[in-house]
1. Take segment 206-230 and flag every residue that is over 21 Å from residue 102 (Cβ atoms) and of a type in the set (Val, Ile, Thr).
2. Provide a single number: the residues in segment 35-64 that are small (Gly, Ala, Ser) and over 16 Å from residue 13 (Cα atoms).
3. Can you list the helices (runs of 4 or more DSSP H) found entirely within segment 1-52 that contain at least 3 residues being without any contact (Cβ under 8 Å) to a residue 24 or more places away in the chain and surrounded by fewer than 19 Cβ atoms within 10 Å (Cβ to Cβ)?
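What follows draws every value from the coordinates through simple rules; no lab data is involved. These numbers come from a predicted model, not from an experiment. Positions of Cβ are backbone-derived with ideal geometry, glycine not excepted, and every protein chain shown enters the neighbour counts.
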Amino acid sequence: MKFSLRQLQVFTALCHSQNMTRAAEQLNMSQSAASSALKELEQQFDVQLFDRIGKRLQINERGRSLRPHVEALLEQAAEVEFLLEDKGASSSLKVGATLTIGNYLAVGIMAKMMQQNKDAEINLSVANTSEITAKVLNFELDIGLIEGEVQHPDLDVIEWCDDQLVVFCAPDHPFAKTGTLNDKQLKQTSWILREEGSGTRQAFDRAMHGLLPSLTIAHELQHTEAIKRAVEANLGIGCLSKVTLEDAFKRGSLVPLTVKGRDFSRKFYFVLHKKKYRGASIGQWMELCRVGNS
């Protein structure tokens, strides 16, 4: 074999950092050793995998086509190492979740997986749908759990479970006595919503098709708790996933509203890179997600 796993590790580290110094630090190597590893890899096959732009290394088309295969090979090598050390399959997992899922569902799934496998190492990143999708595409995450619908030729987007958005207000808001809203009332009030790029906002915009230009959006906030507090303070009405509102509805600090003729149903999805190596830990995680929401 003309290449070494170390050379491939340098290649993938550079794909992520685009900087030789940071890649070397990530691998606990000297910069000269990392540079030599990349140079040898390219010279052995008479290829150039990165374009040199000053001190920055920008992956080129040849490198991009190679990257998914290298990422998969290195993950398989890690599993082989675990098996040789009699540790079973590798249980390291990098999970990304959108805010609703990350804050209200993913932590419980993490706990169950760690109970089943004491050696499990799970890193959870929480961001909006567009950010999680970008990280899956860049192989920074093994799997994403998202609220929004995405389409990309390099991604597998797999249905996970159903969810429901709910419009809500403060108990002393005039709409709390009305209970059911029509389109005219939706246009007359102020809204406090998630930011564009989030799955929740995507579902809201779809539900409000035909009304969006007429709505008054007073605030766009990145966190569900901030939206709930703002609605409690009567700064407007909101729309979030039912799972984020159940405790507030039980306490009576927020009141659910029914909206005539609008569909607020949506789905949660798994998102994976099509060329990502899917080890046992990914399968275990997906199974726990499905069991927990069946």
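1. 216, 217
2. 1
3. Hits in segment 1-52: 20-26, 31-45.
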